[in-house]
Each structure stands twice: as C-alpha cells, then as structure tokens.
Amino acid sequence: MTLRETAPKLSPEQYEKNFAEISPRMTSRQAAVEAARCLFCFDAPCTFACPTHIDVPSFIKKISTDNLRGSARVILEANILGHSCGRVCPTEVLCEGACVMHEKAEKPIEIGRLQRYAVDHVLDRSIQLFHAGAPNGKRVALIGSGPASLACAVELAKLGYRTTIFDRNELPGGLDTYGIAAYKLRAKDTLREVEMVRALGVEFHQKTNVGSDVSFAQLEKDFDAIFIGVGLGETGALQIPGEDLRGVVGAMQFIEPTKVRPFAQLTIGRRVACIGAGNTAIDVVTAAKRLGAEMVHLIYRRGEQDMPAFRYEYDLAKLDGVRFHWHAQPVRILADAAGRVAAIECVRTRTESVPTNERNEIAIIPGSEFQLEIDMVVRAIGQEPATKFIRAVQGIALKKNDTIVVNARFQTGNAKYFAAGDCVNGGKEVVDAVAEGMAAARGIDAWLEAPRGKN
Ligand SMILES: Cc1cc2nc3c(=O)[nH]c(=O)nc-3n(C[C@H](O)[C@H](O)[C@H](O)COP(=O)(O)OP(=O)(O)OC[C@H]3O[C@@H](n4cnc5c(N)ncnc54)[C@H](O)[C@@H]3O)c2cc1C
Ligand code: SF4
C-alpha cells in the first residue's frame with residue numbers, strides 16, 4: 001500500500017515494549033496473595049456471570065492450595081479456551097464485574113489473571129488433561145477454526161466423535177489468531193492452545209475454503225453432522241467518495257498483519273483516522289499509536305456517552321494519546337495528485353431524540369464541515385456476516401442481518417447442520433463463542449444419539 005507519508009520505524013525493542021502484555025502473567029506469590037483474598041462465595045455470582053459458568057471459587061481454592069493442575073482442570077472442563085479467555089475476556093463486565101468485593105467497596109478478585117496463571121501451568125508443561133472418548137463411529141465436520149469450532153470439536157472428541165475442522169486461513173484459531181489486539185493475546189499463544197485441541201485427535205485442514213475447495217455436498221456425504229462456525233466477514237463500507245483511494249483499509253485488513261507479521265515489517269501512516277467507536281475501533285487506534293503513528297484520530301458520529309466500546313478499552317485509547325472527534329461524520333476522503341489519501345472531510349452532527357426510536361436520530365449541522373490532514377483511513381464500523389455462501393444449503397434460514405437462525409440446540413433449519421459463535425450471535429466475545437460451541441456439541445450429540453464406547 002502506498003501512503004503519502006509513513007510513520008518512522010521504531011526499534012525492535014520499542015515495538016515489543018509498545019505491544020507488551022497489558023495484563024501480564026502473575027508470579028506465584030502474586031497468585032497466592034490474590035487467591036487468598038477470595039471469599040469462596042456459595043452460589044458465586046462470578047460463576048453465573050461467566051457465559052461458560054466456570055466454577056470460579058473452586059479453581060481459585062485449588063490455586064490457594066497450590067493444586068494448579070486441578071485448578072486448570074476445573075477451568076478447562078468448563079471452557080477449553082480458558083487460557084485465551086483469561087487474557088481477553090471483558091472481565092470488568094463479566095466475572096469480575098459480578099464479584100462481591102464491589103459491595104464491600106474493595107477491588108474485585110483478579111479472576112482473569114488467576115485463570116491464566118493456572119492454565120499457563122499446564123500449557124507450559126504440555127500437560128494433557130483430557131483424552132478423546134472411545135470412537136463411536138460418527139464423524140462431524142466443522143467449518144472454521146475459531147473459538148466456536150474449537151470448543152465444539154473438543155466436546156465432541158471427548159464423546160468419541162471423529163472431528164475434522166476446515167478453515168480457509170493459513171493458521172488455525174480464527175480471530176484469536178488474527179483479530180484480538182496483540183497486547184492482549186499473541187498468535188503464538190493461541191497456537192499453543194490449538195495444540196491442546198489437536199492432541200485430542202481433532203484434525204485440521206487449513207487453507208481450505210468450504211464452498212469452493214470443499215463442497216457442502218462432499219461434507220454431507222462424508223460426515224454425519226456439520227457445524228458452522230464461520231464468524232463474521234469484512235468491515236462494512238462507509239459509502240462516501242474517496243473510499244477506494246490508496247490508504248483506505250478495513251479494520252481487519254489493518255489488524256491482521258499486527259498479529260501475524262513482525263511489527264517492523266508493517267507500514268503505517270504518519271497520521272491515521274479511524275471511523276467508528278466500538279471495541280474494534282479501539283484496537284485499531286491503540287495499535288496505530290503503538291506502531292508509531294504520530295497523530296491518530298477516532299471519528300464517531302454520536303457522542304462520547306453513546307460509544308459502544310467498553311469503558312476500560314476507551315481509557316486505554318485515551319492513555320495512548322488518541323484524539324477523539326465526537327459528533328463528527330466523514331463525508332469524503334480527499335487525495336493528493338498521486339491518488340493517495342491526503343485528508344478527510346467531516347461534518348458536525350447532533351443527536352435528536354425521536355419518541356418512537358430506541359436510539360437518537362443523527363442530524364447533520366449544515367455548514368459545519370472541517371478537514372483533517374491524514375495519510376491513512378481505517379474503517380471500523382462493524383464486520384458484516386459472511387454467511388451468504390450458506391444459502392447454497394437447503395433449509396438453513398438467515399435473519400435480515402444475515403446471521404444464521406438456530407434453535408435452542410444450535411441446530412439450523414437443515415437438521416444436519418448446526419451453527420454457533422459470531423455467525424449466529426452477530427458478534428460477541430470469545431467466551432460466548434465457546435459457550436455456544438459447547439452447547440452446539442451437546443445438540444449434535446443429542447441429535448445423532450451416538451452409542452457410547454468404553455475407553
Ligand atoms: C478486532 C477484534 C478484536 C476483538 N477483541 C476481543 C477481545 O478482546 N475479547 C473477546 O472476548 N473477544 C474479542 N473479539 C471477538 C472475538 O474474537 C469473537 O467473538 C470470536 O473470535 C468469535 O469466534 P467464532 O469462532 O465465532 O469466529 P471467528 O473467530 O471469526 O472464526 C471463524 C473462522 O471461520 C473461518 N471461515 C470463514 N468462512 C469459511 C469458509 N467458507 N471455509 C472455511 N473457513 C471459513 C475463518 O477463516 C475463521 O478462522 C474481537 C473481535 C475483533 C474483530
Ligand atoms: S472465562 Fe472469562 S468470564 Fe468466565 S470466569 Fe474466566 S475470565 Fe471470567
């Protein structure tokens with residue numbers, strides 16, 4: 001990509017410092033002190049607040065008695081991606097948000113970090129806690145290797161199913177590998193977790209696009225059930241003039257290289273504008289700053305109080321020195337003589353309440369146009385479902401927003417197909433995809449009524 005002006009390269013040490021873990025590994029002393037603070041509540045609200053219902057008091061108790069293997073077993077039985085969830089879960093609004101310590105005006109227990117501490121113990125030592133069930137003769141194909149499919153495959157493998165994952169990417173892991181901010185989770189750590197899944201006998205066919213490299217008809221012939229865990233697709237378009245200029249990219253196109261290529265190889269504009277104010281937009285602006293961009297603008301057509309990003313993500317971007325433009329809407333992107341992004345023109349907006357609407361309407365303020373000098377624009381206004389190719393399968397219904405319709409067992413309108421994760425829920429968190437993937441595995445097992453073999 002040719003940019004008008006690029007940010008100066010940093011030293012390798014500086015990149016590593018900028019992308020250092022924001023929530024580092026605990027020492028054994030820190031973990032012991034933190035575990036000792038837990039009140040081990042009966043009917044613990046943290047467990048209810050976790051979509052995978054990990055028995056939090058139980059795993060913390062085991063840390064306090066130095067039984068790290070037992071602690072990891074409690075975590076991973078409920079959530080096989082307990083390692084990445086310990087790093088990436090929005091704990092502030094899930095388990096830690098429900099911690100009773102809030103009522104005592106004390107700091108909540110650091111559940112996410114304790115979880116990671118316990119699971120690191122088994123991952124570091126390649127301890128395999130689970131084994132595949134005795135083969136039951138049934139085969140299940142899984143489309144996508146993201147959190148939903150990984151969780152589903154593990155549950156099925158434990159029940160004796162032969163499971164095969166097909167994913168179009170080079171590396172497995174879905175957005176854990178290619179999307180989540182590098183200062184939360186590096187691709188190499190996701191791949192360690194994937195190895196735990198592979199060790200249960202789950203087969204991976206990477207660089208295999210279902211719909212073109214492998215047909216649905218072939219999958220239907222070879223497998224007893226098919227799980228769809230394809231996540232979401234491309235970032236939505238701004239639909240403004242200049243969007244096709246060199247230097248305008250989608251959020252995923254911007255973030256992916258930060259996960260799988262050395263930082264020093266990445267080229268970034270000296271001045272970057274990001275459109276949108278969700279968690280993905282925050283990941284874009286914080287990554288842009290950490291890669292060395294001198295000026296990073298976040299442009300959002302509503303107000304600060306309306307931004308969809310979590311509060312602590314927003315605080316992170318503020319600390320990084322991002323400049324926020326509230327009530328501003330881009331109207332066109334301007335180019336220099338060589339056709340490269342040079343500026344973005346925005347107009348001021350105001351929100352007006354409409355009694356019949358849940359959200360305020362946005363009105364443009366005439367004559368309020370202003371321009372920002374920039375070299376790069378990143379669209380972060382939400383990923384769109386990429387499920388249109390599923391229309392080729394008879395019986396599977398899509399909602400108006402193209403997410404897949406499923407019943408309580410995560411079964412689609414075509415009984416052989418099940419689906420879960422972002423392609424069903426429209427885009428939530430890793431822990432939701434895991435919970436749904438596990439529930440879908442139970443749905444598949446109930447539908448296939450496979451006999452249980454003896455181990
Ligand atoms: C930028 C970004 C940051 C995020 N940060 C966080 C965070 O900090 N914490 C958090 O909990 N969640 C975060 N999320 C959300 C989280 O990553 C997702 O909710 C989760 O990954 C969904 O899992 P999934 O398995 O449904 O889909 P995905 O992880 O998207 O995996 C889908 C997989 O399907 C594959 N696929 C698609 N179509 C085909 C096909 N036709 N054939 C074969 N393979 C196919 C894709 O290659 C991909 O590997 C973030 C999301 C984004 C975009
Ligand atoms: S999986 Fe996530 S939400 Fe659940 S207990 Fe662990 S850190 Fe909290």
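Just so you know, all these numbers are worked out from the coordinates, no wet-lab data involved. Every value quoted in this text rests on a predicted model; they were computed, and no experiment measured them. Every residue, glycine as well, gets a Cβ built from its backbone with ideal geometry; the counts of neighbours run over all protein chains shown.
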request  = Considering the options 394, 157, 101, tell which one lies farthest towards the positive end of the dipole of the chain, charges being +1 on Lys and Arg and -1 on Asp and Glu at the Cβ, about the Cα centre.
outcome  = 157
The chain - charge dipole about Cα centre, Lys and Arg +1 at Cβ, Asp and Glu -1, debye rounded to 20 = 680 debye
Shape call, the range 335-435: gyration tensor on alpha carbons, a/c limit 1.5 = prolate
key: Amide H within-cut-off set for residue 382, under 5 Å, with H built and near neighbours excluded   = 236
ask   = Among the listed pairs 188/259; 62/107; 138/158, which are separated by more than 18 Å between their Cα atoms?
value = 62/107
message = Among 23-33, 103-113, how do they line up by average Cβ neighbours within 10 Å per residue, starting with the highest?
response = 103-113, 23-33
ask   = Which value, in debye to the nearest 20, gives the size of the charge dipole of the range 65-134 about its Cα centre, when Lys and Arg are +1 and Asp and Glu are -1 at the Cβ?
value = 180 debye
ask   = Rounded, prolate or oblate: which one fits the range 1-105, using the alpha carbon gyration tensor with axes a ≥ b ≥ c (rounded when a/c is under 1.5, else prolate when a/b beats b/c, else oblate)?
value = prolate
request  = Evaluate the relative contact order of the chain (contact order divided by residue number), counting alpha-carbon pairs under 8 angstrom at least 6 apart; express in whole percent.
outcome  = 19 percent
Given charges at beta-carbon only (K, R positive; D, E negative), |dipole| of the range 360-433 in Debye = 740 debye
query = With r defined as the distance between the Cβ atoms of residue 77 and residue 338 and R0 fixed at 51 Å, what FRET efficiency is calculated, to the nearest 0.05?
reply = 0.30
message = Sorting check: for 179-185, 242-248, which peptide has the highest mean count of neighbouring beta carbons within 10 Å, and how do the rest follow?
response = 179-185, 242-248
request  = Based on other C-beta atoms within 10 Å, arrange 320, 283 from fewest to most.
outcome  = 320, 283
Estimated inter-spin distance, residue 100 and residue 323, nm [label 7 Å along Cα→Cβ] = 5.0 nm
query = In nm, what is the difference between 0.36 nm times the number of residues separating residue 66 and residue 311 and their Cα-Cα distance?
reply = 84.8 nm
query = Rounded, prolate or oblate: which fits the range 164-269 when a ≥ b ≥ c are the square roots of the eigenvalues of the alpha-carbon gyration tensor, with rounded for a/c under 1.5 and prolate only if a/b beats b/c?
reply = oblate
Backbone N within the range 371-390 under 17 Å of label point (7 Å from residue 212 Cα along the Cβ vector) = 386-390
Degrees between helix 68-78 axis and first principal axis of the chain (Cα, 0 to 90, nearest 10) = 80 degrees
